[in-house]
1. Helix A:224-234 versus the longest principal axis of chain A: what is the Cα-based angle in degrees, 0 to 90, to the nearest 10?
2. For the stretch A:522-536, what does the Karplus curve 6.51 cos²θ - 1.76 cosθ + 1.60, with θ = phi - 60°, yield as ³J(HN,Hα) per residue in whole Hz, taken in order and with x for Gly and Pro?
3. With a 1.4 Å probe and every protein chain left in place, tell me how much accessible area A:Glu146 has, in Å² to the nearest 10.
4. Amide H of A:Val546 versus every other amide H placed in the peptide plane: which residues, excluding those fewer than 5 positions away on the same chain, fall under 5 Å?
5. Mind checking which lysines have their Cα closer than 17 Å to the Cα of A:Lys162? Skip sequence neighbours fewer than 8 apart in that chain.
6. Under a Cβ-Cβ cut-off of 15 Å, what is the net charge of the residues other than A:Leu467 that fall near it, where Lys and Arg count +1 and Asp and Glu count -1?
7. In deg cm²/dmol and to the nearest 500, what is the mean residue ellipticity at 222 nm of chain A if only DSSP H runs of at least 4 residues count, each as -39500 (n - 2.57), divided by the residue total?
8. Could you work out the pair-distance distribution P(r) of chain A from its alpha-carbon pairs, with 10 angstrom bin width and percents rounded to whole numbers?
Amino acid sequence: MSKPEDISRDESRGYHHRAVEREVQQRWMKNGTFVATEVSDKPKFYCLSMFPYPSGQLHMGHVRNYTLGDVIGRFQRLQGKNVLQPMGWDAFGLPAENAAIKHKVPPMKWTRENIAYMKRQLQALGFAYDWSRELATCEPEYYRWEQWFFLQMFRRGLVYKKAAMVNWDPVDQTVLANEQVIDGRGWRSNALVERRELAQWFLKITDYAQELLDCLDGLDGWPEKIKTMQRNWIGRSEGVQVTFPLPAGQVYESAGLTVYTTRPDTLMGTTYLAVAAQHPLALAAAATNSELQRFLEECSQGKVAEADMAKMEKRGMATGLVASHPLSGEAIPVWVANFVLMEYGSGAVMAVPAHDQRDWEFAVKYGLPIKQVIAPTDVSGETCDISEQAYTSKQGICIHSDEFDGLAFQQAFDAVAEALIQRGLGERQVNFRLRDWGVSRQRYWGCPIPIINCGQCGPVPVPDAQLPVELPTQVEFEGVGSPLKKMPEWYQVPCPQCGASAERETDTFDTFMESSWYYTRFPASGATTGMLDARTKYWGQVDHYVGGEEHAILHLLYARFFYKAMRDAGLVEGDEPFHKLLSLGMVLKDGAKMSKSAGDAGDPQHLMDKHGADAVRMAMMFAAPPEQSFEWSERGVESAERWLRTRLWNTVERHLEAGQVVELKTSTLSAAQKDLRRITHETLAKADDDYGRRLTFNTVVAAVMALMNEVNRFDDESPQGRAVVREALCAAVLIMSPITPHITEVLWQKLTGEAIDKARWLAVDVAALTKTSIELVVQVNGKVRSKFQVDMDMPRDEVEALALQDENVQRFIDGKSIRKVIYVPNKLLNIVVSA
RNA sequence: GCGAAAGUGGCGGAAUUGGUAGACGCGCUGGAUUUAGGUUCCAGUACCGCAAGGUGUGAGAGUUCGAGUCUCUCCUUUCGCACCA
C-alpha cells in the first residue's frame, strides 16, 4: 500500500481544484447539462433562489443563498426529478443611478457590466443553472410585460391614482413604501423620512388582504416565523363602525362622526372622541380657531415620520365640537389628538380612558373624565385600579352600562353591535393594517409607468401595441430628481384617446414590481407573444424557494399578491407562487450584515481562486444550518480544501491504484466488513433525510466526514474488504456531489466509469443496517456505570444478569436494595436502588 | 411595551421520538516526516482530580427511573412589530 504523502506530492495525480473545476464546468456547458426541457417523463421540480441585484460583485451572502439552492436542486436531480434552476437579475434600482452620478457611467452600461462580471462568478461557483433562461429586469423585453400586466390590472380596477401623504426620502429624492421605512428612516439611505403629499399610483393589495391572510394557513412548507410576520403585517381586526351623531349648527356640518372600534363592549365608557389632525372635522374647526390651526400645522407639517410618532408625547386640543353618544345621548366632546392616524380606520376614535392606555394617558393629561365600564370577575383573579392605569383586559364583565351590565366580552360585543345596527348608527366591520401598495417612484432607473396624462381625458393607458414604453438610456445626470422630467422629447406625446398633446408619466415603478412576477417568466423564457405561455403551466408553482429572511414581508407579500392577481387574470393556475420556502439567516462579518447595504461586501473571489469553488461551497454549507445567522470565517475554506484533497481525493486515488475490485458478496462478510458497510448505509439514510426533509446540510457534511474516517481506519486489502470500501467511497462521493459538484464528478467517473449525471441516489440496503450486537449502557440511578457488548435483542433477564455481575455496577448497588429496573431494549438498563 | 426564536467546550456547531452530552470540524498540545518553515501523518483535547470519582447544556424550581430536550419563574441575546383604536 502506497503512503499517503506519496500521493499528495505527486503533481500529476493530486487534487488541483483549478484544473478539475475548469474541466467539469466546460463539460457542463458543452453538454448543456442543466438546460431544462418541458418534455420529460420525470416529475418536475422548480427550484429557485431569489435573484440578486447586480451590485458589482458577489458577497458571501450570495454564495450561501445560491449554494443552498443549488444543493437542493442537485439533490432533487439525483432523486430523479426534472429540475429547473434558473437565474436572473433584479436589475433596476438606486445604486445604478448613484454610480451614474458618481462615475458618469450610464446606468444601463454599469448594470450590464456588473451582470457580466457576477455571471462569471456564479458560473465559477458551478451552480446548475439553466442559463438559457437568464433574464434581466431592466431589459425592455422583460418589463414590457410588466407594463402590460399593470394595464390589465388597471382595466380590472386594481389600480388607482390618488394624492397621498407619502414617505419622502430626502437623500434618495424618492417616495418609499411603508415597508421601506425602518425606524423612521429610509431602508437604503438611512435618512430621516419626511411626509409629503404627491399624486401616486396604487395597487389594491388590500382587495386581497383576507385571501393573503387565509392562504397562509395552507402554506405548510413555509417557516412559521415568516407566516406570523405576514399575519401581523396584514393585521386583521374585527370591530364595529360607530357613528356619533353631531347636532346641527356646529362648524362641521355632518350627520355624525364615524369611528372604528374593536371594543364595542366599552362603548358606554366613551368620554371623548379624538380625530386625526388631517381629519375634515379638525380642518373645519380650525378654520375659525387660529390656535387650533397652529396646532394642526405642528402635527401635519412638522417633519415627523410615522414611526417616530410612537415615541412622541401625546398631545391634543379640543375642537369645541360636541357629539352625542349613540346609545345614551350624552354630550361627548371632540378633540384633535396627535396619536390618531388618518390612514387607519376612519381617522377618528372613540376614547375610553378607563380601558385603553393611550386614551387614559390623554385623559389624565387634559383632565377628561374616566368612566369604568368593565370590571374584572372574581374568577379571573385580575385586579384593576383605574386611577393607576387603564384596565385593558377583555376578561371582565360590563358595569355602569345599563342593559349591558353583567355581559362578558363577546356577549357585550354582539349586544352593543346589535343595538347600534338597530338605530342605524353602526355596523360590523373588519379592518386591516395593510395599506394599498404605492408603486410610483420619482426615479429614473426603473420601469416607466405606461400611462399618458391628458389634460382632457385624464390618465390614459398606453395602448398595448405601443408597449413597451422604453426607458431612454441616453440621459444626463445632475444628481437630483429624475432626468426623465428634463426630457420633453420623451415625455411629450399625443393623447392616445383624443390626440391632443399630453405627457407621459415620468415616474417609474417600485422595483418590487419586477421581483413580484419574475419567477413566472423563467418558465416562459423568451416568449414574445405574451407575458407567459404554456411552459409556465408545466413548471407551475415554485417547488422550493430559497432566499434571505429580510424579504419575509416586502417581497414575499407582494409576490403572493401578484400571483393571485395573475391567477384572476387567467395567467397562472393555483393560489400561491411558492410551495416551500427556505428562509436563510444572514452571513455576518464583525457583527455587520454582509450585503449590499453594509459596505464591506466580503468578496468570495480570492477564496475561490485560492481554494476552489468546491471548498468555498463546502465550507459555507458546513458552517451552520441554513436558517441560522452566523459569523463567516475564512478558515473553514482552507480546512474544506484540505479535507477534499487528503480525505476524499487521495483516499479514492489510493483505492483505485490497488487495482480492480470484485463484486460485493454481502452474505459472506466479516464482522468488520459488515460494520463498515452498515456505516455506509447509515450515512446514506441520514444524508437522504437531512437533504430531503431536514434541510440541514452541515450535518450531511459531518456524516460523510465520519464515514471517511471509518474508511481510513479500515485496514483490509482482501477482495471483499476492497469491495466494501468501494461501496463506501461511491456513497461518500455521491452524497457530497450536491455540495461539491466538481470534484465528485471527476471521482465518480474514476470510480464507476460513468458520468454522475446519469447517477441516481443510492438505495439504502436495509439489511446492511441491522446489527448483531450492540453496546448496552448500564446505569445505576441514572448514572452510567458500565457499558458492554451484548447480542442484539438479548432477553431482558439475561441482560440484567450480566449487568448485575458487572464489577463496577456491583460497587454502586452494594448494600442497597434494588427498587426497580428500567430496560430499554438494545439501548440501556437503569437499575434504581434506594439509599 | 407586544410577539417569536435562541442560550451547549477556547471557537463553529452535533445530539431528529425524554435514554451514553460535546458527533464533525477549527484551534490548541505532544510526537513522526522534513535541512528548516509549510504540507502531510499519528495521538490527545468539556471542567476539577494523581486516581477512584465528582461536576457540567444561561439561573432557579418541577415532572420522571432518567431532562440539553417537557412544565413554571427569572436572566441575557437576536429578530420582527410598535400609538392600528
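The values are calculated or read from the model by the stated rules, or taken from the named source; none is laboratory data. Please read these numbers as outputs of a predicted model, since none were measured by experiment. Here the Cβ is made from the backbone with ideal geometry for all residues, glycine too, and neighbour counts use every protein chain on show. What goes into the accessible areas is simple: the full protein's heavy atoms, side chains included, and nothing from ligands, DNA or RNA. Shrake-Rupley method; radii C 1.70, N 1.55, O 1.52, S 1.80 Å.
1. 10
2. So the J values, rounded to whole Hz, are 3, x, 8, 3, x, 4, 10, 9, x, 4, 10, 8, 4, 5, 4.
3. Answer for A:Glu146: close to 0 Å² accessible.
4. Amide H neighbours of A:Val546: A:Leu48, A:Ser49, A:Met50, A:Leu582.
5. Candidates past the 8-residue exclusion: A:Lys204.
6. Net charge around A:Leu467: -3.
7. About -11000 deg cm²/dmol.
8. Taking every Cα pair in chain A, the percentages come to 2, 10, 16, 17, 16, 14, 11, 8, 4, 1, 0.
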